[in-house]
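Comments concern the structure below.
The values are calculated or read from the model by the stated rules, or taken from the named source; none is laboratory data. Quick caveat: nothing in here was measured; it's all calculated off a predicted structure. Cβ coordinates were reconstructed from backbone atoms using ideal geometry, including for glycine residues, and neighbour counts include every protein chain displayed. When the accessible area is computed, the model is the full protein with side chains, heavy atoms only, and any ligands, DNA or RNA have been set aside. Shrake-Rupley method; radii C 1.70, N 1.55, O 1.52, S 1.80 Å.
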Amino acid sequence: MTGVLRTVNRALVGLAGLVLLCVGGAVLAAGLDLGVPSWWPWSGPDAVLLAEDRRGTGGWRWPVAVAVLAALVLLALVWLLAQLRRQRLTEVLVDTGDGEGAVLQGRTLEDAVESEAETLDGVSSARVRLTGRRTAPEARVALTLEPHASPAATLTHLSSEALGHARTSAGLPVLPAEAHLRALKHRPGRVA
């Protein structure tokens, strides 16, 4: 589901950017007195949006225009805050089998997976972040591998050990994970 939201978000940002680029380019072209279409409201640097006779002093158009623009600015601010909001999962709901359930702090589970992942052969450091819903968490794992590490073996051990233990301890049927591997930079060895 997060992939769909990410795609929609990128499409909307791209569309908004394209519209703003076109409108801004047209306004700039009119301001520089370059050729603009005949239907464009500004025809040169001295043009105004509405002529004196079309402005109206007591009409309802200006308050409505200001209200619509204020609503658009408010929606843009809400969207911006949603982009900056941390997507980290704060708690995981654990099924205890008695119908009550328990709550496990997300950071605690992240720390446990990180600690266990760092003990794997060839892993220099690990970072884990839980996302998703509290009943269906997803893990994002970033591993820094040492030069001698085998990526395939590391992923196998990560899935079966660190993530497998987390899945079992939290009573989750599945724990989807996305792993990002990065190699630790090292100096080439000298051959004598």
(request) Could you pull out the residue among LEU32, LEU93 that is under 30 Å from LEU172 (Cα atoms) and either charged (D, E, K, R) or modelled with pLDDT of 80 or more (or both)? (result) LEU93
(message) So, ALA166, is that one open to solvent by less than 50 Å² (accessible area, probe 1.4 Å), of a type in the set (A, V, I, L, M), touching a helix residue (DSSP H, G or I) at 6+ places or on another chain (Cβ under 7 Å) and not in a loop (DSSP other than H, G, I, E, B) or not?
(response) yes
(request) Output yes when any residue across segment 106-117 is more than 27 Å from VAL13 (Cβ to Cβ) and not in a helix (DSSP H, G or I), and no when none is. (result) no
(request) Give the number of residues within segment 96-114 that are of a type outside the set (Lys, Arg), open to solvent by 60 Å² or more (accessible area, probe 1.4 Å) and modelled with pLDDT of 85 or more. (result) 4
(request) Would you be able to tell me the number of residues in segment 118-133 that are open to solvent by less than 40 Å² (accessible area, probe 1.4 Å), free of Cβ contacts under 8 Å to residues at least 40 places away in the same chain and under 20 Å from GLN105 (Cβ atoms)? (result) 2
(message) Cβ-Cβ distance below 6 Å, separation of 6 or more or different chains: which pairs start in segment 48-72 with a residue that is under 24 Å from ALA16 (Cα atoms) and modelled with pLDDT of 70 or more and end on one that is open to solvent by 100 Å² or more (accessible area, probe 1.4 Å) and among the small types (Gly, Ala, Ser)?
(response) none
(request) Could you please let me know if ALA76 is assigned to a loop (DSSP other than H, G, I, E, B), more than 25 Å from SER169 (Cα to Cα) and open to solvent by less than 70 Å² (accessible area, probe 1.4 Å)? (result) no
(request) Can you confirm whether segment 179-190 contains a residue that is touching a residue at least 40 places away in the same chain (Cβ under 8 Å) and part of a strand (DSSP E or B)? (result) yes
